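As structure tokens, the structure follows; a few thoughts come after it.
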Amino acid sequence: AGTAVINNPFWWSADEKFFNNALAVSLGVPVPKTILLPSKERPSDTAENSFRNLKFPLPWGDIFDHIGFPAYMKPHSGGGWKSVYKVRNPDELFNAYDETDQLVMLLQEEIVFTDYFRCYCLGGKEVKIMPYEPRNQPHLRYDAQLPTGPHAKKLMATVKDYVLKLNNALGYDFNTVEFAVKDGIPYAIDFCNPAPDADVNSVGQENFDWVVDTMAKVAIDRAKKHKAGKDNLTWGTFITSSVMGKDRSTLATEK
């Protein structure tokens, strides 16, 4: 009893992208404007009155005005770039939406970025900020440079702060967070990656070595702190604050 598992499997099965975005907003971490779209097709084992709390048709004009174009549409849960669409106008959106069947989708504004970072966070405290170019071919995406100039140091400090806030609230032991920087503001794009890519052929030797060495230290530390018969899983401040009845506005300052 009391086995520590990295990451907490109970939490991993419960979170999803829209919830994570809402949590980021409560933490003061910028995210793109986002709308949650109901599945195009009714889920199996449901009837016409199953979703009577929803108003149809959707206010598409208001949605387009809020999000703008181009925009990205992607499943609210899952990864691997499956069923991800870039849509440039309403016709492209409706054509893509027709292909999504029973998937619940997010519609998200495009952030036209000047810098992009993919950040490992291990053990809730160790952060590796990697310059990343998602528009490159996969084997060249880490062939990028950290920004320089008078504002670079402050930007890096802000990115690290946001990474720690998100991961401590979510309770991940091993995660990546991606940021797109526009007008000096880092927007959290993707931060639900509890099984992130760490293949040496993808991330490169230097980043791979950092992950292996740092995760080994984190795992050894967890083993040393193990308490027999106790809950040794990591629970984020969102869950622990909710259980204790704390105001969620304090999440950003809790460790």
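For the structure I just gave you, tell me whether Arg141 is basic (Lys, Arg), out of contact with any strand residue (DSSP E or B) (no Cβ under 7 Å at 6 or more places or on another chain) and within 17 Å of Trp81 (Cα to Cα). In short, yes.
Answer yes or no as to whether Thr158 is farther than 12 Å from Val29 by Cβ, assigned by TED's automatic domain parsing to the domain that holds Phe117 and surrounded by 15 or more Cβ atoms within 10 Å (Cβ to Cβ).
Details: farther than 12 Å from Val29 by Cβ: no; assigned by TED's automatic domain parsing to the domain that holds Phe117: yes; surrounded by 15 or more Cβ atoms within 10 Å (Cβ to Cβ): yes.
So Thr158 fails the test.
Screening Ser44 with (1) under 30 Å from Phe174 (Cβ atoms); (2) touching a residue at least 24 places away in the same chain (Cβ under 8 Å); (3) surrounded by fewer than 11 Cβ atoms within 10 Å (Cβ to Cβ) gives one miss only, at (1).
Evaluate the following for Val177: is it under 16 Å from Asp15 (Cα atoms), surrounded by 16 or more Cβ atoms within 10 Å (Cβ to Cβ), of a type outside the set (S, T, N, Q) and touching a helix residue (DSSP H, G or I) at 6+ places or on another chain (Cβ under 9 Å)? Spelling it out, Val177 is indeed under 16 Å from Asp15 (Cα atoms), surrounded by 16 or more Cβ atoms within 10 Å (Cβ to Cβ), of a type outside the set (S, T, N, Q) and touching a helix residue (DSSP H, G or I) at 6+ places or on another chain (Cβ under 9 Å). Checking the stated criteria, Gly28 turns out to be in contact (Cβ under 8 Å) with a residue 60 or more places away in the chain and surrounded by fewer than 16 Cβ atoms within 10 Å (Cβ to Cβ).
Total residues in segment 134-187 satisfying the condition of being of a type outside the set (Val, Ile, Thr) and under 17 Å from the mean Cα position of the chain (by Cα): the figure is 21. Pairs meeting the criteria (first residue in segment 95-124 and outside the structural domain of Glu41 (by TED's automatic domain parsing) and without any contact (Cβ under 8 Å) to a residue 60 or more places away in the chain, second residue among the aromatic types (Phe, Trp, Tyr) and part of a loop (DSSP other than H, G, I, E, B), beta carbons under 8 Å, at least 6 apart or on different chains) are Cys121/Tyr172. Only a single criterion out of (1) outside any loop (DSSP other than H, G, I, E, B); (2) under 30 Å from Lys227 (Cβ atoms); (3) in contact with a helix residue (DSSP H, G or I) (Cβ under 6 Å, 6 or more places away or on another chain) is not satisfied by Asn20, namely (3).
Just checking, does segment 142-152 include any residue being in contact (Cβ under 8 Å) with a residue 40 or more places away in the chain, in the same structural domain as Leu233 (by TED's automatic domain parsing) and either assigned to a loop (DSSP other than H, G, I, E, B) or within 24 Å of Phe18 (Cα to Cα) (or both)? Working first, answer last.
Just the residues of segment 142-152 that are in contact (Cβ under 8 Å) with a residue 40 or more places away in the chain, to begin with: 142.
Those still in the list that are in the same structural domain as Leu233 (by TED's automatic domain parsing) too: 142.
Adding the requirement that they be either assigned to a loop (DSSP other than H, G, I, E, B) or within 24 Å of Phe18 (Cα to Cα) (or both) leaves 142.
The answer is yes, given that some residue of segment 142-152 is in contact (Cβ under 8 Å) with a residue 40 or more places away in the chain, in the same structural domain as Leu233 (by TED's automatic domain parsing) and either assigned to a loop (DSSP other than H, G, I, E, B) or within 24 Å of Phe18 (Cα to Cα) (or both).
Considering each of Ala157, Ala96 in turn, give the residue that is part of a helix (DSSP H, G or I), small (Gly, Ala, Ser), at pLDDT 95 or above and over 28 Å from Val218 (Cβ atoms). Going through Ala157, Ala96 in turn, the sole match is Ala96.
The values are calculated or read from the model by the stated rules, or taken from the named source; none is laboratory data. Bear in mind that the values here come from a model prediction, so they are computed numbers and not experimental data. Cβ sites come from the backbone with ideal geometry, for glycine too, and all protein chains shown count toward neighbours.
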